[in-house]
Amino acid sequence: MKTWFITGGTPGGFGMAYAEAALERGDQVVLTARRPDELREWASVHGERVLVLPLDVTDAEQVRGAVQAAEERFGGIDVLVNNAGRGWYGSVEGTVDETIRRTFDLNLFAVVEVVRAVLPGMRSRGSGWIVNMSSLAGLVGVQGFGYYSAAKFALEGLSETLRQEVEPFGVKVLVVEPGSFRTKAYAGFQDEPVDERVDAYLGLVEGIRAAFVDQDGKQPGDPERGVRAVISAMEASEPPHRIVLGGAAYDAAVALHENALVELRRHEKLSRGADF
C-alpha cells in the first residue's frame with residue numbers, strides 16, 4: 001500500500017482524479033486544498049485511508065507542517081503529485097508585477113518547497129515518485145499567458161535536473177503536460193476582470209479571456225483518463241521522463257519538436273562555427 005501526497009485538491013480537477021485513482025488501487029491519500037471544507041464529505045466515505053489537510057502551497061511553513069502531518073499519519077510519502085497551480089492572463093509587456101510574482105510563486109516556487117519537504121523521507125527510504133504537473137504551455141508559449149508559460153518552462157527545466165540528482169536515491173520524476181482538460185480551470189475566468197496595463201494588447205487579452213470562457217465545459221480532455229495514462233506511464237518497464245496528455249496537445253508537441261529539429265539542422269553551420 002502506497003501513500004500519495006497530492007496538492008491542489010479542488011473538486012472536479014486533476015487532484016481529485018489522482019486521489020480517486022489511488023484509492024481505487026487500495027492506496028492511502030493525503031489530499032491538500034486551500035478550502036478543505038469542500039472535501040470533508042468526500043473524505044468521510046473513505047475513512048482512515050484519506051487525510052485532508054488545509055494547505056496554501058505558497059506558504060513554506062504550511063508546506064512543512066502538512067508533509068510532517070502526512071508522514072506522522074501514514075509513515076511516509078511514496079508518491080508526490082505537485083498539482084496545485086493556475087494561470088492569470090495578460091500580455092508580457094502589460095501584466096502587473098503582482099500577478100507575475102503570484103504566477104511564479106504558485107507554479108514554480110511552491111513546487112520547490114513541497115519537493116524539498118518531501119525528498120528527505122524518500123531518500124531515506126530509497127524510493128519514491130515525484131509527479132510534476134506542467135502543461136502543454138510548458139512546451140509551447142501561449143499568447144496572453146506568457147508568465148504562466150514561463151513558470152511551466154522553468155518547472156520543466158527544474159524537473160530535468162531534479163531527475164538526475166535524485167535517481168541515485170531510487171526516486172523517479174515524471175513531468176505531465178496536459179492540454180485542454182475538462183476541469184474547473186477555466187470557470188474562474190468568467191468573473192475575473194481584465195487587468196492589462198498596455199492598451200495596445202487589450203483586444204488580444206479580452207479575446208483570449210472570451211475564448212477560455214467559451215471553452216469552459218467543452219474541453220476534450222478527461223481528467224480521469226488522463227490520470228490513468230499517467231499511472232500507466234509510471235508502471236511502464238521504462239517509465240518516460242514526461243508524458244503529454246490529450247490528442248491535440250500530442251499533435252502540438254510533435255509539431256514543435258519536429259519543427260525545432262528542422263530549424264536546428266538548417267543552422268548547423270552557424271552553430272558549429274561558434275567554436276574555436
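The values are calculated or read from the model by the stated rules, or taken from the named source; none is laboratory data. Keep in mind the model is a prediction, meaning the values are calculated, not measured. For neighbour counting, all protein chains shown are included, and Cβ atoms are generated from backbone atoms with ideal geometry for every residue, glycine included. These area figures cover heavy atoms from the full protein model, side chains too; ligands, DNA and RNA do not enter into them. Shrake-Rupley method; radii C 1.70, N 1.55, O 1.52, S 1.80 Å.
Taking Lys and Arg as +1 and Asp and Glu as -1, the other residues whose beta-carbon sits under 11 Å from that of ALA253 total -2. In the context of the full set of protein chains, residues of the chain present 52 Å² of accessible surface per residue (probe radius 1.4 Å, heavy atoms only). The simple Förster model, with R0 at 35 Å and r as the Cβ-Cβ distance, assigns GLN68 and ALA211 a FRET efficiency of 0.25. Solvent-accessible area assigned to carbon and sulfur over the chain amounts to 51 percent, based on a 1.4 Å probe. Listed values for the range 167-177 are Karplus-derived 3J(HN,Hα) couplings in whole Hz (6.51 cos²θ - 1.76 cosθ + 1.60, θ = phi - 60°), namely 3, x, 9, x, 9, 10, 10, 10, 9, 10, 10, and x replaces Gly and Pro. Shown here: the range 168-241, whose C-alpha atoms stretch 51, 28, 16 Å along the first, second and third principal axes, sorted largest to smallest. Taking every DSSP beta bridge that has both ends in the range 61-209, the antiparallel portion is near 10%.
With the whole protein complex present, HIS241 retains an accessible surface near 100 Å², based on a 1.4 Å probe. Quick one: net charge of ARG242's neighbours, Cβ under 14 Å, K/R +1, D/E -1? Surrounding charge for ARG242 is -1.
Rg/Rh, computed from the Cα trace of the chain with Rh as the Kirkwood radius, has the value 0.99.
Shape verdict for the range 148-276, please, from the Cα gyration tensor: rounded (a/c under 1.5), prolate (a/b greater than b/c) or oblate. Oblate, because a/c is 1.5 or more while a/b does not exceed b/c.
Short-range pairs are left out: with C-alpha atoms under 8 Å and at least six residues apart, the relative contact order of the chain is 18 percent.
Listed values for the range 61-75 are Karplus-derived 3J(HN,Hα) couplings in whole Hz (6.51 cos²θ - 1.76 cosθ + 1.60, θ = phi - 60°), namely 5, 5, 4, 4, x, 5, 5, 4, 4, 5, 5, 5, 6, 10, x, and x replaces Gly and Pro. Could you compute how fast the range 1-130 diffuses translationally, taking Rh as the Kirkwood radius over C-alpha pairs and applying Stokes-Einstein at 20 °C with viscosity 1.002 mPa s? Give it in µm² per second. Once the numbers are plugged in, D ends up at 141 µm²/s. If you take every DSSP beta bridge whose two residues both sit in the chain, what share of them, in percent to the nearest 5, is antiparallel? About 5 percent, rounded to the nearest 5. Close amide H partners of VAL30, meaning residues 5 or more places away or on another chain with modelled amide H under 5 Å apart, are TRP4, PHE5, ILE6, LEU51.
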